[in-house]
Amino acid sequence: QVHLVESGGGLVQPGGSLRLSCAASGSIFRINAMGWYRQAPGKQRELVASITSGGSANYADSVKGRFTISRDNAKNTVYLQMSSLKPEDTAVYYCNADAIAYSGTYYRPYDSWGQGTQVTVSS
């Protein structure tokens with residue numbers, strides 16, 4: 001199995017910055033893409049940013065130029081540096097990993113999610 005734990009959320013004023021972290025653990029053979037999604041109240045979950053194992057990143061138009069995704073493959077950890085935060089960035093942020101891990105019987109793909117971390121941008 002693959003277990004994801006996020007950290008770094010909180011309350012920040014507009015224009016401020018936060019850094020989210022997500023560490024993956026378990027009997028992991030390989031992690032392919034990792035990403036951050038967010039879900040605001042009354043809205044669908046949306047992709048914020050994703051990154052491949054080779055470091056190629058993809059961003060939602062709404063966060064381009066303000067957010068930066070990165071990963072440390074040795075630590076199975078993905079980060080999201082958020083700057084110039086706006087009230088509309090307020091949401092629960094979820095980490096996602098596309099990985100190959102041992103099930104106890106064989107290796108198989110896992111599409112895993114973290115428990116989410118709240119980010120609130122407000123004055």
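Please determine whether any residue of the stretch 64-84 is of a type in the set (A, V, I, L, M), within 18 Å of residue 18 (Cβ to Cβ) and out of contact with any Phe, Trp or Tyr (no Cβ under 8 Å at 6 or more places or on another chain).
no
Restricting attention to the stretch 70-82, does a residue exist that is among the β-branched types (Val, Ile, Thr), under 23 Å from residue 40 (Cα atoms), touching a strand residue (DSSP E or B) at 6+ places or on another chain (Cβ under 7 Å) and open to solvent by 60 Å² or more (accessible area, probe 1.4 Å)?
No, the stretch 70-82 has no match at all.
Report yes if residue 69 is assigned to a strand (DSSP E or B) and more than 16 Å from the chain's Cα centre (by Cα), otherwise no.
When the stated conditions are applied, residue 69 does not pass them.
Give the stretch 92-109 a look and list any residue that's modelled with pLDDT of 95 or more and more than 20 Å from residue 18 (Cβ to Cβ), or say none.
Of everything in the stretch 92-109, those that are modelled with pLDDT of 95 or more and more than 20 Å from residue 18 (Cβ to Cβ) turn out to be 97, 98.
Could you list all residues from the stretch 101-123 that are over 13 Å from residue 39 (Cβ atoms), in a loop (DSSP other than H, G, I, E, B) and either touching a Phe, Trp or Tyr at 6+ places or on another chain (Cβ under 6 Å) or among the β-branched types (Val, Ile, Thr) (or both)?
Correct list: 105 only.
May I ask you to say which residue of 66, 19 is over 12 Å from residue 97 (Cα atoms) and open to solvent by less than 40 Å² (accessible area, probe 1.4 Å)?
Sole residue among the options that is over 12 Å from residue 97 (Cα atoms) and open to solvent by less than 40 Å² (accessible area, probe 1.4 Å): 66.
Can you tell me which residue is farthest from residue 5 (Cα to Cα) among those in the stretch 44-63 that are open to solvent by 70 Å² or more (accessible area, probe 1.4 Å) and free of Cβ contacts under 8 Å to residues at least 40 places away in the same chain?
61
Any idea which of 78, 48, 121, 63 is β-branched (Val, Ile, Thr), touching a Pro at 6+ places or on another chain (Cβ under 8 Å) and at pLDDT 95 or above?
It is 121.
The values are calculated or read from the model by the stated rules, or taken from the named source; none is laboratory data. Owing to the predicted nature of the structure, the values given are computational and were not obtained by experimental measurement. Note: ideal-geometry Cβ built from the backbone for every residue, glycine included; neighbour counts use all protein chains shown. Please note that ligands, DNA and RNA were not included when accessible areas were found on the heavy atoms of the full protein model with its side chains. Shrake-Rupley method; radii C 1.70, N 1.55, O 1.52, S 1.80 Å.
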